[in-house]
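The block underneath contains the structure these notes are about, expressed in structure tokens.
The values are calculated or read from the model by the stated rules, or taken from the named source; none is laboratory data. These figures come from a predicted structure and were not determined experimentally. Virtual Cβ from ideal backbone geometry, glycine too; neighbours counted across all protein chains shown.
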Ligand SMILES: C[S@@+](CC[C@H](N)C(=O)[O-])C[C@H]1O[C@@H](n2cnc3c(N)ncnc32)[C@H](O)[C@@H]1O
């Protein structure tokens with residue numbers, strides 16, 4: 001099955017537009033472009049929404065104080081998506097976070113959105129402006145937008161970054177390092193298990209593969225003669241170690257999101273410095289009966 005075969009079963013007759021990666025049928029509510037996503041997308045959105053909600057009292061202190069409270073989404077998408085093979089349209093992560101913060105009466109002082117796709121950045125900018133959100137939008141790979149965003153952040157503020165890439169190639173460790181340089185930075189990170197499963201041996205066999213930027217130093221820590229499952233676990237453990245080296249704590253509990261045919265899709269890893277942030281995550285991390293792992 002090719003990547004966009006599901007368009008043939010689209011109830012609104014949409015097709016994938018290669019040029020800007022959007023659906024040919026725009027969002028009927030606002031006429032702006034949207035993307036098509038799998039039904040499991042709600043899993044990550046539910047955690048973003050719940051975290052924004054549970055942290056509202058803490059955020060309030062920063063919203064009313066001098067430091068400010070921001071939401072950062074450097075793989076932001078266009079802000080709206082149709083669930084594939086249905087007519088159902090959902091908000092994307094930056095809209096979900098901004099809306100939830102407004103509903104909880106503690107809107108972010110600023111939302112920073114970025115994406116490698118210019119059409120997405122433009123669409124999400126319009127959608128956030130309609131909500132009255134103070135937005136800064138950036139276009140480019142996260143590796144280049146994250147340093148720009150970090151340079152704009154209040155060093156005494158409270159910041160929540162959602163890192164939601166498709167694959168490991170788009171998640172070089174220097175992104176996490178740059179965000180971790182800010183004292184009060186909470187992060188929710190999507191790590192693609194699918195990529196680790198499909199491409200593990202190819203990555204291991206090559207020189208300079210996505211693993212080298214995702215988890216620098218892995219070659220000294222991972223025993224590649226082990227089974228694939230063990231190698232994946234060792235890689236992941238090494239990556240968590242790299243995060244700890246930045247004086248940040250990955251939460252004990254990692255959520256695994258699976259697809260409709262029970263295929264392993266991704267892990268959601270929460271990272272913070274403050275105990276309260278970790279406790280918040282532990283309270284809200286389980287939104288369905290998806291698997292959780294304690295590392
Ligand atoms: C899973 S989607 C994000 C969806 C969005 N977070 C949401 O939940 O609505 C991944 C996004 O990353 C963008 N992207 C891919 N490679 C990138 C890179 N290296 N840097 C920044 N954005 C990238 C894609 O254009 C796409 O919008």
Quick one: is residue 158 closer than 14 Å to residue 267 by Cβ and at pLDDT 95 or above?
no
Which condition breaks for residue 67 when tested against (1) in contact with a helix residue (DSSP H, G or I) (Cβ under 7 Å, 6 or more places away or on another chain); (2) outside any helix (DSSP H, G or I); (3) closer than 16 Å to residue 161 by Cβ?
(1)
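Just checking, how many residues over segment 71-95 are within 11 Å of the ligand (Cβ to nearest atom), in a loop (DSSP other than H, G, I, E, B) and over 12 Å from residue 32 (Cα atoms)? Steps first, please.
Start the filter on segment 71-95 by keeping residues that are within 11 Å of the ligand (Cβ to nearest atom), which leaves 73-81, 90-95.
This time we only want the ones that are in a loop (DSSP other than H, G, I, E, B), so: 74-79, 92.
Pick out the ones that are also over 12 Å from residue 32 (Cα atoms) and you get 74-77, 92.
Final tally of qualifying residues: 5.
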Looking at residue 14 and the list (1) under 21 Å from residue 112 (Cβ atoms); (2) touching a strand residue (DSSP E or B) at 6+ places or on another chain (Cβ under 8 Å); (3) at pLDDT below 95, which single condition is not satisfied?
(1)
Any residue at all in segment 174-182 that is more than 27 Å from residue 150 (Cβ to Cβ) and either in contact (Cβ under 8 Å) with a residue 40 or more places away in the chain or over 23 Å from the mean Cα position of the chain (by Cα) (or both)?
no
Just for segment 141-157: of the residues that are touching a helix residue (DSSP H, G or I) at 6+ places or on another chain (Cβ under 9 Å) and surrounded by fewer than 16 Cβ atoms within 10 Å (Cβ to Cβ), which one is farthest from residue 274 (Cα to Cα)?
147
Of the numbered conditions (1) modelled with pLDDT of 95 or more; (2) under 16 Å from the mean Cα position of the chain (by Cα); (3) within 13 Å of the ligand (Cβ to nearest atom), residue 195 satisfies every one except a single condition; which is it?
(1)
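Looking at segment 101-168, what strands (runs of 3 or more DSSP E) fall wholly within it and have at least 2 residues that are closer than 27 Å to residue 29 by Cβ and near the ligand (Cβ under 9 Å from one of its atoms)? Break it down stepwise before answering.
Details: elements: 110-115, 135-139, 158-163.
It comes to 110-115.
When you look at residue 38, is it away from the ligand (no atom under 15 Å from the Cβ) and surrounded by fewer than 22 Cβ atoms within 10 Å (Cβ to Cβ), yes or no? Reasoning before the result, please.
Details: away from the ligand (no atom under 15 Å from the Cβ): no; surrounded by fewer than 22 Cβ atoms within 10 Å (Cβ to Cβ): yes.
Answer is no for this residue.
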For segment 41-62, which residues satisfy the criterion of being buried (at least 19 other Cβ atoms within 10 Å of the Cβ) and either more than 12 Å from the chain's Cα centre (by Cα) or in a strand (DSSP E or B) (or both)?
49, 51, 52, 55, 59, 62
Qualifying positions in segment 41-70 - within 14 Å of the ligand (Cβ to nearest atom) and within 26 Å of residue 264 (Cβ to Cβ)
41, 42, 43, 44, 45, 46, 47, 48, 49, 51
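Residues checked against (1) at pLDDT below 95; (2) within 20 Å of residue 130 (Cβ to Cβ):
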residue	(1), (2)
2	yes, no
29	no, yes
58	no, no
73	no, yes
82	no, yes
92	no, yes
96	no, yes
If we only count helices (runs of 4 or more DSSP H) wholly inside segment 184-295, which ones have 3 or more residues that are surrounded by 14 or more Cβ atoms within 10 Å (Cβ to Cβ) and touching a strand residue (DSSP E or B) at 6+ places or on another chain (Cβ under 7 Å)?
193-205, 275-284
